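Engineer: One structure is given below, represented as structure tokens, and several questions about it will come after.
The values are calculated or read from the model by the stated rules, or taken from the named source; none is laboratory data. Computed from a prediction, not measured in an experiment: that's the story for all the values here. When we count neighbours, we look across all protein chains shown, and the Cβ atoms used for this are built from the backbone with ideal geometry, even at glycine. Areas reflect the complete protein model, heavy atoms only, side chains present, ligands, DNA and RNA absent. Shrake-Rupley method; radii C 1.70, N 1.55, O 1.52, S 1.80 Å.
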Amino acid sequence: MDLLELNQTSYKQDAKYLRAKERIAEVKKFYSSLMSYVIFISFLGALNYYTNGWNYMWFLWAAFGWGLGIALNAVKVFGVNPFLGKQWEERKIKEFMKEEENLNRWN
């Protein structure tokens with residue numbers, strides 16, 4: 001294995017490590033947001049109960065709004081989005097690279 005191949009292998013490993021580290025940071029941020037959601041909504045539910053009982057459960061509005069944001073973040077972090085997910089990104093990148101290659105071929 002020559003020096004160039006060794007550098008390329010090292011670069012690929014470093015890039016994989018950095019991508020994995022970024023992914024872990026995203027997952028960690030999601031779970032901390034989820035914990036904040038559970039704690040804060042529980043607090044609002046208790047506050048709602050102690051101020052006027054269950055006559056009007058206004059804390060559910062906050063739970064729904066914030067919960068929607070948490071759900072969208074989960075879709076982004078865990079790649080469940082069927083329309084604009086990782087596979088779509090990779091397919092588009094390959095498509096654009098092929099277009100660029102075809103354009104440069106004739107220049």
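Engineer: Considering each of LYS94, LYS28, LYS98 in turn, give the residue that is within 19 Å of the chain's Cα centre (by Cα), charged (D, E, K, R) and part of a helix (DSSP H, G or I). First the steps, then the outcome.
Structural biologist: Working: LYS94 fails: within 19 Å of the chain's Cα centre (by Cα); LYS98 fails: within 19 Å of the chain's Cα centre (by Cα).
Exactly one of LYS94, LYS28, LYS98 is within 19 Å of the chain's Cα centre (by Cα), charged (D, E, K, R) and part of a helix (DSSP H, G or I), namely LYS28.
Engineer: Among all residue pairs at least 6 apart or on different chains, which show Cβ distances below 7 Å where the first residue, located in the stretch 71-100, is under 21 Å from ARG19 (Cα atoms) and the second is of a type outside the set (A, V, I, L, M, F, W, C) and at pLDDT 80 or above?
Structural biologist: The qualifying pairs are ASN73/SER33; VAL77/GLU26.
Engineer: Now, a different point. Can you find a residue that is open to solvent by less than 100 Å² (accessible area, probe 1.4 Å), among the aromatic types (Phe, Trp, Tyr), assigned to a helix (DSSP H, G or I) and at pLDDT below 90 anywhere in the stretch 66-80?
Structural biologist: Yes, the stretch 66-80 has at least one match.
Engineer: Collect the residues in the stretch 8-39 that are over 10 Å from VAL77 (Cβ atoms), at pLDDT 95 or above and of a type in the set (Phe, Trp, Tyr), keeping them in residue-number order.
Structural biologist: TYR37
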